[in-house]
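To keep things clear, I will list the structure first and then write my remarks on it.
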Amino acid sequence: NENDKIALMGKNGAGKSTLFNIIAGTLAHDEGRILLDKHILNHMHASQRAQHIALLKQDPKTSTASSLSVFDNFALAILKTKKARLKTALSPRTKEAIINHIKNLGLDERLLSREMGSLSGGQRQIIAFAMATLHRPSLLLLDEPTAALDEEAANLLMKLVKRFISEWQIPAVMICHDKELVEQF
């Protein structure tokens, strides 16, 4: 349901990340059906599912390119989640949408010209969140999103996540080992 939040906790190796990868379509499964908004996702490729599911992994390095600018990383994210051409992903209209999204999250648009690898871990994770949520998903998956962040960056990220969930009225599932963070979620 809209605005539902579920936290998954468990020991390492229990299958939490495996479940996320199956839902996102990056890992095959043997049985069952995956339903989202009454749509069966089983036969959708990961790129098709990415149009409906935003996934924020615990390590932003796995979903960003260090040597590219933040803006170029957004363009790549758009190409991955939409059947867009590079020309569209780099268009002035798209750049305006990215700037508006960045500003809405309370981030400085000057970050767009910085090289992704020059950002702190917290900044990089917040940008990865912004990239994942540029287009309204039907489901937000958070795989230990604050695991490698300091307390200040973790609090800021969770504030942004909660505001996004509330404003967009979407369900979210988070994997977490921190009971305090789960209570804040």
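The values are calculated or read from the model by the stated rules, or taken from the named source; none is laboratory data. Remember, it's a predicted structure, so these values are computed and weren't measured experimentally. Ideal geometry is used to build each Cβ from the backbone, glycine not excepted, and the neighbour counts take in all protein chains shown. The protein model used for the area step is the full one, side chains on, heavy atoms only, and it has no ligands, DNA or RNA in it. Shrake-Rupley method; radii C 1.70, N 1.55, O 1.52, S 1.80 Å.
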Packing rank of 39-46, 100-107, where each peptide gets the mean count of other beta carbons within 10 Å, highest leading = 100-107, 39-46
Longest exposed-site-free window of the chain, the sites being GluC sites (Glu not before Pro) in a DSSP loop that have at most 13 other C-beta atoms within 10 Å = 32-185
Would you kindly derive the ³J(HN,Hα) couplings of the range 137-146 from the backbone phi angles with the Karplus curve 6.51 cos²θ - 1.76 cosθ + 1.60 (θ = phi - 60°), listing them in order in whole Hz, with x for Gly and Pro?
-> x, 8, 8, 10, 10, 10, 9, 6, x, 10
Using a 1.4 Å probe on the protein chains only, how many percent of the accessible area of the chain belongs to carbon and sulfur?
-> 49
Accessible area expressed per residue, the range 1-135, with surrounding protein chains retained (probe 1.4 Å, Å²) = 60
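By how many nm would the segment from Asn12 to Glu167 grow when fully extended, if each residue of separation counts as 0.36 nm and the alpha-carbon distance is taken off? It would help to have the intermediate numbers written out before the result.
Numbers: separation 155, 0.36 × 155 = 55.80 nm, distance 3.24 nm.
Contour length minus the Cα-Cα distance gives 52.6 nm.
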Sequence order, the range 62-73: Karplus ³J(HN,Hα) from phi using 6.51 cos²θ - 1.76 cosθ + 1.60, θ = phi - 60°, Hz rounded, Gly and Pro as x, gives 7, 10, 9, 10, 4, 7, 9, 5, 4, 4, 5, 5
What are the residues whose amide H is under 5 Å from the amide H of Ala172, where those residues sit 5 or more places off or on another chain and H is modelled from the backbone?
-> Asp4, Lys5, Ile6, Leu140
Going down the table (Lys95/Lys159; Lys57/Lys162; Lys95/Lys162), which pairs top 20 Å between alpha carbons?
-> Lys95/Lys159; Lys95/Lys162
Calculate, axis by axis, the spread of Cα positions in the chain along the three principal axes, and write the results as whole Å, longest axis first.
-> 43, 38, 30
Amide H to amide H under 5 Å from Leu36: which residues, 5+ apart in sequence or cross-chain, H placed 1.01 Å off N in plane?
-> Leu41
Does the range 91-185 come out rounded, prolate or oblate by the C-alpha gyration tensor, with a ≥ b ≥ c the root eigenvalues, rounded set by a/c under 1.5 and, if not, prolate when a/b is larger than b/c and oblate if not?
-> oblate
